[in-house]
Amino acid sequence: MTNHSFRFNYCFAYSLLFLIACSSKSNDQNVEVIHIDKAKAEILSKIVEDIEYVVLENPNKPFVKADKLFVFDGGIILADYWSNHTLLRYDQNGKFLNPIGRYGEGPGEYVQITDVDFDDKSRNLIIISRNHLITYSIDGVFIDEIPLKNRPTNFLKLDGNSYLFYFPEVLASELRSGIDQAILYNFCPDTDVMTPLLNPIFPGSLNFIGDKNNLLKIGDSVIFSSTYSDTVYYISNNAVYKKVYLDFGSAQNDLSKMYGLSHNDRRDYVNSDVFNYIVIHVPHLFGNSRFLTSAFRKRTGFDFFLYDMKEKIPYVSSKTVNDVDGGLGFGIIKGMDENYFYAYFEPEEILQHYEKNIDQLKDQDNNFTKLARQINRDDFLILAKYKLKK
């Protein structure tokens with residue numbers, strides 16, 4: 001067998017592994033409901049035993065957001081690709097080490113980043129820049145560039161030389177040129193073949209282009225959702241084998257009223273008074289073998305939930321009290337592994353909370369109070385590492 005034939009067979013087999021049976025029958029075989037509307041006030045110590053804080057060094061950037069965070073035993077990677085097109089690497093103590101990649105139009109450079117993923121096995125960072133997959137080492141060295149016929153909005157690096165691409169249904173026709181109506185595809189660079197995996201999940205046009213964290217890989221499963229959807233899909237072995245339905249009770253969004261609206265009309269509808277008490281799911285999908293997390297938006301605020309799949313308990317950020325160290329709650333969650341979940345805070349948030357609760361915190365000596373006493377408002381981002389109880 002030639003090398004080319006071997007690669008073709010491998011990618012084809014992997015495509016089959018993730019091929020999804022899209023019939024409603026297969027989708028409805030296993031549905032779990034998270035009753036977020038019934039979430040009770042909880043204390044963080046029920047699931048978290050300790051919180052560590054890492055102050056990320058300012059790399060001389062005026063303003064950076066954490067669109068994605070990757071925490072691994074070799075350090076921390078912060079990706080801000082919507083506002084600054086910036087990829088930054090730190091050590092585990094928050095010391096800035098190096099930028100990754102370079103903005104520009106030359107070989108191995110990017111002019112735009114639409115998504116980023118970290119390959120745990122190779123320790124490389126991969127980005128999509130327009131119609132190219134570009135790979136860098138964590139030291140910032142350009143490794144490889146793969147031209148694409150289309151422009152995926154989000155992606156995952158899968159095992160082997162295979163990728164999962166997400167194309168929102170509402171992408172401009174020229175960006176979907178040459179592909180069918182599906183929204184998820186398996187891509188094998190060796191054969192330059194894309195295999196459709198999942199058709200649109202809404203009966204009318206509703207997909208949202210701005211999702212940042214709507215794809216997740218846990219073990220052999222891919223987890224997927226999209227903004228406005230009240231369902232999270234678990235995908236493996238040629239099928240959607242599980243759906244997790246997010247129940248927001250009386251605040252549940254009636255999706256049928258949004259089908260067929262233009263982008264501008266949908267934006268106006270979401271920002272209208274009718275949405276003062278309506279919930280929109282905004283995917284921030286992270287998880288491990290026990291927990292699943294995502295986010296939702298009300299006009300009055302933005303919440304995360306952390307769902308304990310073993311105990312069937314949803315922890316909602318606005319209802320969870322941090323009794324571990326007296327600090328803030330969840331923060332903006334941006335990652336999870338089997339031992340920790342990770343979030344970030346702005347220094348201003350930390351200091352405001354400390355100053356507001358100074359009477360209770362002034363005599364305490366823990367990770368949070370030590371942090372609040374050492375930082376100032378000109379510091380960079382704060383990474384919080386929540387150690388999960390076993």
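The values are calculated or read from the model by the stated rules, or taken from the named source; none is laboratory data. Every value quoted in this text rests on a predicted model; they were computed, and no experiment measured them. Methodologically, a virtual Cβ is constructed for each residue, glycine included, from the backbone with ideal geometry; neighbour enumeration extends over all protein chains shown.
Below is a table of values for the structure above.
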read-out: In segment 124-155, the residues that are over 25 Å from Phe208 (Cβ atoms) and among the hydroxyl-bearing types (Ser, Thr, Tyr); value: Thr135, Tyr136, Ser137
read-out: Any chance Ile127 is over 16 Å from Val222 (Cα atoms), in a strand (DSSP E or B) and either free of Cβ contacts under 8 Å to residues at least 12 places away in the same chain or out of contact with any Phe, Trp or Tyr (no Cβ under 8 Å at 6 or more places or on another chain) (or both); value: no
read-out: Unmet criterion (only one of (1) hydroxyl-bearing (Ser, Thr, Tyr); (2) farther than 23 Å from Asp265 by Cα; (3) in contact with a helix residue (DSSP H, G or I) (Cβ under 8 Å, 6 or more places away or on another chain)) for Tyr185; value: (3)
read-out: Boolean, Asn376 is within 16 Å of Phe330 (Cα to Cα), of a type in the set (S, T, N, Q) and under 29 Å from the mean Cα position of the chain (by Cα); value: no
read-out: Qualifying residue in segment 307-330 (condition: in contact (Cβ under 8 Å) with a residue 60 or more places away in the chain, of a type in the set (D, E, K, R) and part of a helix (DSSP H, G or I)); value: yes
read-out: Selection within segment 149-207 - within 21 Å of Tyr233 (Cβ to Cβ), modelled with pLDDT under 85 and of a type in the set (A, V, I, L, M); value: Val170, Leu171, Ile179, Ile201, Leu206
read-out: Asp159 under 23 Å from Ser256 (Cα atoms), of a type outside the set (A, V, I, L, M), in contact (Cβ under 8 Å) with a residue 60 or more places away in the chain and part of a loop (DSSP other than H, G, I, E, B); value: no
read-out: Residue ID - modelled with the highest pLDDT, chosen from residues in segment 219-278 that are among the basic types (Lys, Arg) and assigned to a helix (DSSP H, G or I); value: Lys257
read-out: Filter result (among the hydroxyl-bearing types (Ser, Thr, Tyr) and either surrounded by fewer than 20 Cβ atoms within 10 Å (Cβ to Cβ) or closer than 21 Å to Asp120 by Cβ (or both)) within segment 144-185; value: Ser162, Tyr163, Tyr166, Ser173, Ser177
read-out: Filter result for the condition that a residue is surrounded by 21 or more Cβ atoms within 10 Å (Cβ to Cβ) and within 30 Å of Asn339 (Cβ to Cβ), over Leu197, Leu246, Leu206; value: Leu246
read-out: Count of segment 280-302 residues which are assigned to a strand (DSSP E or B) and surrounded by fewer than 19 Cβ atoms within 10 Å (Cβ to Cβ); value: 5
read-out: Unmet criterion (only one of (1) touching a residue at least 60 places away in the same chain (Cβ under 8 Å); (2) of a type in the set (A, V, I, L, M); (3) more than 20 Å from Gly210 (Cα to Cα)) for Val274; value: (1)
read-out: Residue in segment 192-203 that is more than 30 Å from Ser256 (Cβ to Cβ), touching a Phe, Trp or Tyr at 6+ places or on another chain (Cβ under 9 Å) and among the hydrophobic types (A, V, I, L, M, F, W, C) present; value: yes
read-out: Segment 331-348: number of residues that are outside any strand (DSSP E or B) and closer than 18 Å to Val316 by Cβ; value: 1
read-out: Qualifying positions in segment 303-340 - among the hydrophobic types (A, V, I, L, M, F, W, C), surrounded by fewer than 18 Cβ atoms within 10 Å (Cβ to Cβ) and under 22 Å from Val222 (Cβ atoms); value: Met309
read-out: Residues (surrounded by fewer than 17 Cβ atoms within 10 Å (Cβ to Cβ) and charged (D, E, K, R)) located in segment 218-243; value: Asp220
read-out: Segment 361-370, residues that are surrounded by 10 or more Cβ atoms within 10 Å (Cβ to Cβ) and either modelled with pLDDT of 95 or more or not in a loop (DSSP other than H, G, I, E, B) (or both); value: Leu361, Gln364, Asn366, Asn367, Phe368, Thr369, Lys370
read-out: Which listed residue is under 20 Å from the mean Cα position of the chain (by Cα) and either closer than 25 Å to Phe70 by Cα or without any contact (Cβ under 8 Å) to a residue 12 or more places away in the chain (or both), from Lys217, Lys242; value: Lys217
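Okay, residues lined up against (1) surrounded by fewer than 12 Cβ atoms within 10 Å (Cβ to Cβ); (2) in contact with a Leu (Cβ under 9 Å, 6 or more places away or on another chain); (3) at pLDDT below 85:
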| site | (1), (2), (3) |
| --- | --- |
| Arg7 | no, no, yes |
| Ile20 | no, yes, yes |
| Ser23 | yes, no, yes |
| Glu32 | no, no, no |
| Ala41 | yes, no, no |
| Ser45 | no, no, no |
| Val48 | no, yes, no |
| Val54 | no, yes, no |
| Lys61 | no, yes, yes |
